[in-house]
Amino acid sequence: MGLTAIECPDGVCHSHHGGHAVERRAMEQLLADHGREWCERLAERIYEMSVDTFSQTVMPSLHASGWQRRHLDWEFKLQELDSEPDRTLVDGIINATESFLRSSEVHRLFIQELVQGTFDEASDDHLRSEAVRELIEQEILTLLEEKRDVLTERLSARLLKRAGGRLDRAQQAAQDGFMDVERLLCNHTESL
């Protein structure tokens, strides 16, 4: 299921994970009246407030010796190891999490997915989603499978210099990249 602010089973829209109940047509009309730009601004503001709250409340707790940090220490046996590389890795992951949430790309993708998913969920016409799913599953993935060897070989040749002339490294990277692309396409169809 894609990212959406509402769920509309049987023609009744609820806020994500329950709560309010509104007829689908009323929700469609509301979204049409406000427009996509208004919804994007609202989602952006809520996202910014959420990240700020996370940064102001959760981040200090993770860095301090509060219960969250004690739980990490207990779960991953960090106190027993008393290792500077372990502490460096933990702090790095905590900081990377905040950087990820503050990333303009993540922010933009979240808003785009949320608003598109919300408009799609409110609409009773899911033909576009079905078209995307069919295109990916029946055409693109099939085409990739048919051309796998040729594409992997071509990509390996392009990566050879960056792999230090080692063909095995270039081939492995090409195969791994190919699988990542297939996984991304499959994940996208599952989210529709």
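The values are calculated or read from the model by the stated rules, or taken from the named source; none is laboratory data. Being a predicted model, the structure only gives us computed values, none of them experimental. Positions of Cβ are backbone-derived with ideal geometry, glycine not excepted, and every protein chain shown enters the neighbour counts. With ligands, DNA and RNA removed, areas are computed over all heavy atoms of the protein, side chains included. Shrake-Rupley method; radii C 1.70, N 1.55, O 1.52, S 1.80 Å.
If the requirement is being among the β-branched types (Val, Ile, Thr) and under 19 Å from Asp124 (Cα atoms), which of these qualifies: Val58, Val90, Val12?
Numbers: Val58 fails: under 19 Å from Asp124 (Cα atoms); Val90 fails: under 19 Å from Asp124 (Cα atoms).
Only one candidate qualifies: Val12.
Taking Arg25 and the conditions (1) exposed (fewer than 12 other Cβ atoms within 10 Å of the Cβ); (2) within 30 Å of Glu190 (Cα to Cα); (3) of a type in the set (D, E, K, R), which numbered condition does it fall short on, given that it satisfies the others?
(1)
Being part of a helix (DSSP H, G or I), surrounded by fewer than 10 Cβ atoms within 10 Å (Cβ to Cβ) and not β-branched (Val, Ile, Thr) is the filter here; which residues of the stretch 146-175 pass it?
As a first pass, look at the stretch 146-175 and keep what is part of a helix (DSSP H, G or I): 146, 148-159, 167-175.
Narrowing the set further to residues that are surrounded by fewer than 10 Cβ atoms within 10 Å (Cβ to Cβ) leaves 149-150, 168.
Listed by number, the residues that qualify are Asp149, Asp168.
Can you name every residue in the stretch 111-125 that is open to solvent by 70 Å² or more (accessible area, probe 1.4 Å) and touching a helix residue (DSSP H, G or I) at 6+ places or on another chain (Cβ under 9 Å)? If you could, list the steps in order and put the result at the bottom.
Filtering the stretch 111-125 for residues open to solvent by 70 Å² or more (accessible area, probe 1.4 Å) gives 112-113, 124-125.
Hits for the stretch 111-125 are Gln112, Glu113, Asp124.
Looking only at the stretch 37-95, count every residue that is open to solvent by less than 70 Å² (accessible area, probe 1.4 Å) and in a loop (DSSP other than H, G, I, E, B) and tell me the total.
3
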